[in-house]
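**Student:** Sharing a structure with you now.
Each reported figure results from applying straightforward, stated rules to the coordinates on display, with no laboratory input. All of these numbers come straight from a predicted model, not from anything done at the bench. FYI the Cβ positions are ideal-geometry reconstructions off the backbone, even for glycines, and counts take in every protein chain you see.
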């Protein structure tokens, strides 16, 4: 690799990795170099035991990384960015990559809406359809995550770090694709924070036994998020993510013990779904009286169990060795499927049609419900702050840095001050939205249909098609020459080369396109169903009104 980047070659700096003069084959070339360097470095610096360590101590933040990064950035601003050496940018990239695969396991399992919605989803679908759908979604989610991991490994390098889902789309399809991803990602993160405010507002309302106005309950959680959300680095969330896993397991145990030894919470079920008291009824097949739109909502809640793909790119970008992401994901996916399925079937068996969306809020024993809500608030606060952290960074980088030329959030004092100010603004807006639409069930399904489903199921197959076809077409038309000094953008690919490239792997390309179209169709059904049921709920349920003091769970 050359010691210095040639003047006029490719601009480095905050957005140098978005240079349209860089061909896909050049991204791949430097990615191969980086993967080889990572393999050599991990072999020489750490033993295999230390590299694969899977414990709490591996989550500690490595010392010195911030100092290394500040030193590199300080050197780079003293000279034109086009003269920063490849080694300096490689070291800057490495200084930001500290997460081990064990730490990432905890981040992935924390990055979920939570297992508490699984019993309600099964109550809308029945035993057999519920289990089948969760199994199918788990398998398909594994397939699409493998696609995202493959794309990241092929396109990320120290020279051109791949930091977001939008950048992944940019390198394959161009600026418009990045814009779509960034907008949807920002919306999902923002509304996910709002949903967590709403769900924990319900928990705080139950803790106060309905004596505290529901909007005030939402405000309490919002204020807590503004304080904890001041943490800037994802790495610093990792030990909190570890704690959140065990808190969630404790909530599951409390809920299962409570529902097995007490009646359902009829008041919460009536307030949320207008279900009247009576004997518990379960269904092997689709429950009697269930409408099509309700079944789609149940299906969309199932999608949340595998809805973390949106930030996988950010997580891999902070890993010491992104190749190890597969270990984290397989463990996390197995954990999620086994625990979620067992828990969902168990709770539904005891509560049947009285299952509420957040199943721990369906506990009728006050002391146990209070304990589970308290643990849930802490766990959700960690998750909400993780969402908010990434959401602010994505929005700020896309709008603030690139359009308005604001300073970097991580490496400048002004940026750090701006981040501190943006956190309360972000949370306050989320509070307003969730308080205006306090119907957690259908609102969360709408977000799943618009955003979650796209990142996990719709985008990966079409990105894989684009990568496969463009890579083969560029190889046919204009193979990458690392010695070339031409700074002109790559020539548009000819149709004949695109056709030949598609035919080379036509079976997988066709399967992925059909997969993409099926996911889009499901998203359309989900959007229709959630909007339809939102309208019905606001028209028929007096407990659910905008900025209400009445709790949606009684």
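**Student:** Extension gain residue 233-residue 548, at 0.36 nm per residue separation less the Cα-Cα distance, in nm?
**Tutor:** 109.8 nm
**Student:** Still on this model: If I model a spin label as a point 7 Å beyond the Cα along the Cα-Cβ vector, how far apart are those points for residue 495 and residue 528 in nm?
**Tutor:** 3.4 nm
**Student:** I would also like to ask the following. Computed on alpha carbon atoms, what radius of gyration and Dmax characterise region 291-411, expressed in Å?
**Tutor:** 19.1, 56
**Student:** Report the calculated FRET efficiency for residue 405 and residue 505 (r = Cβ-Cβ distance, R0 = 56 Å), to the nearest 0.05.
**Tutor:** Taking R0 as 56 Å, the efficiency between residue 405 and residue 505 is 0.85.
**Student:** Could you tell me what fraction of 2.2 N^0.38 Å the Cα radius of gyration of region 159-265 comes to, as a two-decimal ratio?
**Tutor:** 1.48
**Student:** Give me the compactness ratio for region 403-554, meaning the Cα radius of gyration over 2.2 N^0.38 Å.
**Tutor:** 1.61
**Student:** Which three extents, in whole angstrom, do the alpha-carbon atoms of region 208-324 cover along their principal axes, largest first?
**Tutor:** Largest to smallest, the principal-axis extents are 54, 39, 29 Å.
**Student:** Report the extension gain between residue 414 and residue 139 in nm, rounded to one decimal, defined as 0.36 nm multiplied by the number of residues separating them, less their alpha carbon distance.
**Tutor:** Value of the extension gain: 94.5 nm.
**Student:** To continue, here is another question. Work out the P(r) tail for region 494-554: percent of alpha carbon pairs separated by more than 18 Å, whole number.
**Tutor:** In whole percent, the long-distance tail amounts to 63.
**Student:** Which order do the peptides 418-428, 308-318 come out in when sorted by mean C-beta neighbours inside 10 angstrom, highest first?
**Tutor:** Put in order of decreasing packing, that is 308-318, 418-428.
**Student:** How much of the pair distance distribution for region 132-214 lies past 17 Å, counting alpha-carbon pairs only, in percent?
**Tutor:** 67 percent
**Student:** What FRET efficiency would be calculated for the residue pair residue 374, residue 128, taking the C-beta separation as r and a Förster radius of 35 Å, to the nearest 0.05?
**Tutor:** 0.50
**Student:** Using 0.36 nm times the number of residues separating residue 176 and residue 37, minus their current alpha carbon distance, what extension gain do you get?
**Tutor:** Here the answer is 46.8 nm.
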